1. Only one of A155, A124 is touching a Leu at 6+ places or on another chain (Cβ under 9 Å), within 15 Å of M248 (Cα to Cα) and among the small types (G, A, S). Can you tell me which?
Amino acid sequence: MAGTVIAHRYRTYKVQVLDRTFGIFDVLAANGPELTLADIALRLNLHKSTTHRLLAVLEDHRYVERTSSGRYRLGSKLLELGARAASGLDLARCARPFLEELVAETGETAHVGILREGEVLSIANVESPRTLRTPSTVGRRTPAHCTSLGKAILAFASEDEVAKVIRTRGLTTYTPKTLSRVAAFHRELTKVRERGYAVDDEEFEEGLRCIGAPVRDHSGRVVAAISISGPAFRLMPERWPALATAVMRAAEKLSAVLGYGGNSNSQAPPASDSRRRRRGVR
């Protein structure tokens, strides 16, 4: 019984803290842009000491900011989260017209995928009108190391992120062409960065080839990739440069819609913590 009472009180306290935290956001949003500690406490009917403790934690995490005059306002962290949420919710919808253009230009099925838990999650596609085509795959998860979508994303991830994917998912061999050695896989990611696009040359499924390019958000971070897929006899190596140009153009257009205004292929991945230490960067 005592344990039940304690657990109930704990849950009630945690909910109360969250309610008060969200209340601070609502007060600042409705009555801002800047308010004093006393103003916030008054509007929430809280003691100043309680309000100050909540604001101190939120300030540490950049959810609120304190101005030079001691007033409080909504912080930059909320802007970052809002932008990410909006881009994630709208990504599939925003991508569709560019996927349709890509299908019209190349004749192959076009896809958009994101990286989730070390795998590529397909979130949108438009099928080729041809009888022999790659079927719809929305919601399907595929390995990142042997797909053009996965390689296009991982090529611009940090060393630590790539290492985590390899450690947790491995480099499973699916066909004789799968890159299952770590060194070879890293060399492949270097090639992707240099040319701006990735190729799945029958690495995940024999007879299937794909070409993918990275999609960036407003901050320049690679958040997704666009690709086309089709039978190997149609996606012959001599066609790759022209097809890759079309795929990269579609990726750049989608990136622009998400707020990115730079050169999609100009940014190298962030250094890992260990590499930063070796370079003397902190």
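The values are calculated or read from the model by the stated rules, or taken from the named source; none is laboratory data. Since the structure is predicted, the reported quantities are computational estimates derived from the model, not experimental observations. FYI the Cβ positions are ideal-geometry reconstructions off the backbone, even for glycines, and counts take in every protein chain you see.
1. A155
Yes/no matrix, rows are residues, columns are (1) modelled with pLDDT of 90 or more; (2) outside the structural domain of K191 (by TED's automatic domain parsing); (3) in contact with a Ser or Thr (Cβ under 8 Å, 6 or more places away or on another chain):
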{"site": "L91", "(1), (2), (3)": "no, no, no"}
{"site": "A95", "(1), (2), (3)": "yes, no, no"}
{"site": "T109", "(1), (2), (3)": "yes, no, yes"}
{"site": "R130", "(1), (2), (3)": "no, no, no"}
{"site": "R133", "(1), (2), (3)": "no, no, yes"}
{"site": "C146", "(1), (2), (3)": "yes, no, yes"}
{"site": "I153", "(1), (2), (3)": "yes, no, no"}
{"site": "I166", "(1), (2), (3)": "yes, no, no"}
